[in-house]
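Worksheet: one structure, shown below.
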Amino acid sequence: MENEKSYRKRRIITMIIMAIVITLVAIFGAIKLLSYHATDQRTVENDISGSTSTVVMFYRPTCTDCIKVEKTTKIAALKSKFNGSSSGYHDVYINTDTAYGKEKVQENTVQWTPTYMVFRNGEAQSLGKQNGVDVYQYTGKNAKTIQNIYKTLTLDGK
């Protein structure tokens with residue numbers, strides 16, 4: 001009788017510990033999945049210069065607006081890839097605090113973060129028109145606009 005109680009107690013403790021470990025792994029996995037990681041330079045260059053469209057997000061790790069749109073950005077990118085609405089594209093993240101990031105900021109005249117651009121064959125692609133002028137960058141934190149960029153590679157979703 002005493003052994004049975006002891007066995008049950010150990011089993012319950014083991015199950016609780018396993019549940020805690022699984023929960024922690026899931027939390028850390030979600031954080032890693034939904035946080036920005038600068039894409040390596042070779043991948044950025046290959047993707048931007050390729051014939052497949054590439055969404056580029058310029059960010060700074062300490063930028064409050066970048067942090068605010070982090071979840072929206074990552075979820076929009078994942079949704080678009082899984083539902084096929086974007087007809088296939090790459091997405092890369094450039095940390096503007098790095099030497100490479102600063103080079104890309106100057107090259108593309110990025111002034112603020114977060115900034116989104118779409119490239120194909122090494123050229124920035126128009127995201128749409130405003131007042132009859134092509135727009136090549138979106139800087140801001142509007143969730144709907146960010147979702148449109150990842151869904152249709154345009155500002156307005158059309």
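The values are calculated or read from the model by the stated rules, or taken from the named source; none is laboratory data. Predicted, not measured: the structure shown is a model, and the values here were computed from it. Positions of Cβ are generated from backbone atoms using ideal geometry, with glycine treated the same way; all protein chains shown enter the neighbour counts. Areas reflect the complete protein model, heavy atoms only, side chains present, ligands, DNA and RNA absent. Shrake-Rupley method; radii C 1.70, N 1.55, O 1.52, S 1.80 Å.
Filter segment 124-146 down to the residues that are under 18 Å from residue 92 (Cβ atoms) and in contact with a Ser or Thr (Cβ under 9 Å, 6 or more places away or on another chain) and list them by number. Break it down into steps so the answer makes sense when it comes.
Applying the first criterion (under 18 Å from residue 92 (Cβ atoms)) to segment 124-146 yields 124-125, 127, 136-139, 146.
Those that are under 18 Å from residue 92 (Cβ atoms) and in contact with a Ser or Thr (Cβ under 9 Å, 6 or more places away or on another chain): 125, 127, 136, 137, 138, 139, 146.
Out of 95, 121, which single residue is out of contact with any strand residue (DSSP E or B) (no Cβ under 6 Å at 6 or more places or on another chain) and at positive phi? Give the steps one after another, and end with the answer.
Values: 95 fails: at positive phi.
Exactly one of 95, 121 is out of contact with any strand residue (DSSP E or B) (no Cβ under 6 Å at 6 or more places or on another chain) and at positive phi, namely 121.
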Open item on the list: I'm trying to understand the selection: among the residues of segment 13-31, which are open to solvent by 100 Å² or more (accessible area, probe 1.4 Å) and at pLDDT 80 or above?
Closed with: 15, 18, 22
Open item on the list: Can you confirm whether residue 55 is in contact with a Ser or Thr (Cβ under 6 Å, 6 or more places away or on another chain) and assigned to a strand (DSSP E or B)?
Closed with: no
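Give the residue, chosen from 55, 69, 44, that is at pLDDT 85 or above, in contact with an Asp or Glu (Cβ under 8 Å, 6 or more places away or on another chain) and among the β-branched types (Val, Ile, Thr).
Values: 69 fails: in contact with an Asp or Glu (Cβ under 8 Å, 6 or more places away or on another chain); 44 fails: in contact with an Asp or Glu (Cβ under 8 Å, 6 or more places away or on another chain).
Selected residue: 55, the only one of 55, 69, 44 that is at pLDDT 85 or above, in contact with an Asp or Glu (Cβ under 8 Å, 6 or more places away or on another chain) and among the β-branched types (Val, Ile, Thr).
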Open item on the list: Tell me whether segment 115-135 contains one or more residues that are under 14 Å from residue 58 (Cβ atoms), more than 18 Å from the chain's Cα centre (by Cα) and among the basic types (Lys, Arg).
Closed with: no
Task: Neighbours by Cβ (under 7 Å, 6+ apart or cross-chain): first from segment 58-76, closer than 22 Å to residue 108 by Cα; second among the acidic types (Asp, Glu) - done: 60/97; 61/97
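Kindly indicate whether residue 39 is in contact with a Phe, Trp or Tyr (Cβ under 7 Å, 6 or more places away or on another chain) and at pLDDT 75 or above. I'd like the intermediate steps shown before the answer.
Numbers: in contact with a Phe, Trp or Tyr (Cβ under 7 Å, 6 or more places away or on another chain): yes; at pLDDT 75 or above: yes.
Here the answer is yes, as residue 39 does meet what is asked.
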